[in-house]
Amino acid sequence: MPASADSGRSHTVDRLFDALRGAQDASEGNRLTSLIWQLWNHPEDPETGDLMSEGRTALENLDFGTALNRFGEVIERAPELAEGWNKRATVYYVMGDFEASIRDIQQVLRLEPRHFGALAGLGMNYDALGDKQQALNAWRRALDANPHLEDAPARIRQLEEDLQQQSI
């Protein structure tokens, strides 16, 4: 992708995040969240976009081998595309390979520190591993990145309660 297209897209994402932080209601927050996901999920390169689409379809069909291969190809073609890493992390999570999922999420966050989906996924991975404190930290970061994440407040409350019970 040409640098000018990438910087234009990046500028658009920055503007959407600014608007998201200032959104006055859930409807506006959801609309902006959707627009961010749309940009993340649809790379400008058509061949990479096709691989992303094939990977998502494979994941929906629980064809994990094909999904891993397609997202691996996306990562090879466009290692700077955070969503390729995020989708592969999702496949690893669904497969129960939480450590591999966390490794890919760490790469997502190096590329896009505000990736609220990856941050939520990080929380889910740490929760699955029994690390409630790390899970809580990740969910808090996700909510900070996107104050309109519907599941985040309930997850945070539950993790806080779990941690409080552990300390008793």
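Could you grab the pairs with beta carbons closer than 6 Å, sequence gap of 6+ or different chains, first residue in region 31-43 and under 12 Å from Phe17 (Cα atoms), second one crowded, with 21+ Cβ neighbours inside 10 Å?
Within 6 Å, the pairs are Leu32/Leu20.
Can you tell me which of Arg88, Arg15 is under 27 Å from Asp144 (Cβ atoms), part of a helix (DSSP H, G or I), free of Cβ contacts under 8 Å to residues at least 60 places away in the same chain and touching a Phe, Trp or Tyr at 6+ places or on another chain (Cβ under 8 Å)?
Testing whether each residue is under 27 Å from Asp144 (Cβ atoms), part of a helix (DSSP H, G or I), free of Cβ contacts under 8 Å to residues at least 60 places away in the same chain and touching a Phe, Trp or Tyr at 6+ places or on another chain (Cβ under 8 Å) leaves just Arg88.
Identify all residues within region 55-85 that are part of a helix (DSSP H, G or I) and of a type in the set (A, V, I, L, M, F, W, C); write none if there are none.
Passing the criteria: Ala58, Leu59, Phe64, Ala67, Leu68, Phe71, Val74, Ile75, Ala82, Trp85.
Kindly indicate whether any position in region 113-133 is in contact (Cβ under 8 Å) with a residue 40 or more places away in the chain and part of a loop (DSSP other than H, G, I, E, B).
Yes, region 113-133 contains at least one residue that is in contact (Cβ under 8 Å) with a residue 40 or more places away in the chain and part of a loop (DSSP other than H, G, I, E, B).
For region 137-168, what are the residues that are of a type in the set (S, T, N, Q) and within 21 Å of Phe17 (Cα to Cα)?
Residues satisfying the conditions are Asn137, Asn146.
Test Phe64 against the criterion of being among the aromatic types (Phe, Trp, Tyr) and closer than 24 Å to Leu35 by Cβ, and give yes or no.
No, not satisfied.
Bear in mind these aren't lab numbers, they're just calculated from the coordinates by the rules spelled out. Owing to the predicted nature of the structure, the values given are computational and were not obtained by experimental measurement. Positions of Cβ are backbone-derived with ideal geometry, glycine not excepted, and every protein chain shown enters the neighbour counts.
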